[in-house]
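These notes concern the structure reproduced below.
What follows is calculated from the coordinates using simple rules that are stated; it is not laboratory data. Computed from a predicted model, the values in this text were never measured in an experiment. Reconstructed Cβ throughout: ideal geometry from the backbone, glycine too, with neighbour counts over all protein chains shown.
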Amino acid sequence: MLSNLMADMKVAMKKKEKERLQVIRNMISLIKAKQIDLGKTLSDEEAVKLIQSMAKKIKDSIEQYKNGGREDLAKSELNELNIVNSYLPKQLSDDELREIVKETISESKAITMADMNKVMPLLMPKIAGKGDGKIASNIVKEILQR
């Protein structure tokens, strides 16, 4: 992932895409800082997790700006989010996520909310990098409460 970002940074420099360049630099900086902290090179999977956390923070910022009536800043953050999302794997749709949750619940033979701790450890590896754990957790709760 880092090599892709470095190559894209060069392209953005040549095309004079300032906003894209800044976002790519931020992602590279985030990955390199984590590598220094850990003292090792990050795998693509680890880098994706870092970029996903960055995207989540940007989403939170967008909400804050909208609530504060700062549509100009919200729009800027939305552009940044679109750039960041272009480097992330395609996310599962709600329907796809719901289907995986249903399969996992039947696999784990979960019946009640008390069985949620059986479902989540099986579910999370299946959706890692492709789906939001919080949304998945809410779907599990919704299904088990029926």
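Numerical summary
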item	result
Entry for Cα Rg over 2.2 N^0.38 Å (calculated from the structure that is shown) out of [x] 1.08; [y] 1.18; [z] 1.26	[z]
Residue exposure sequence - Asp95, Asp44 - by fewest surrounding Cβ within 10 Å	Asp95, Asp44
Rounded Å value of the spacing that divides the Cα centres of the stretch 40-79 and the stretch 128-144	20 Å
Set Lys59/Lys141; Lys15/Lys57; Lys32/Lys57; Lys16/Lys75 screened for pairs whose C-alpha atoms are more than 22 Å apart	Lys59/Lys141; Lys15/Lys57
Degrees, to the nearest 10: 133-144 long Cα axis against longest axis of the chain	20 degrees
Debye, to nearest 20: dipole size of the chain, +1 on Lys, Arg Cβ, -1 on Asp, Glu Cβ	440 debye
Acute angle (nearest 10 degrees) that the helix 2-15 long axis makes with the longest principal axis of the chain, alpha-carbon atoms	40 degrees
Distant alpha-carbon pairs in the stretch 2-85 (separation over 15 angstrom), percent	60 percent
Per-residue ³J(HN,Hα) for the stretch 106-113, Karplus 6.51 cos²θ - 1.76 cosθ + 1.60, θ = phi - 60°, Hz, x for Gly and Pro	5, 4, 7, 6, 6, 10, 10, 4
Rounded tilt (10° steps) of 71-85 against the dominant C-alpha axis of the chain	80 degrees
Phi-based couplings in Hz for the stretch 89-96 (Karplus 6.51, -1.76, 1.60; Gly and Pro marked x)	x, 4, 7, 5, 6, 4, 5, 5
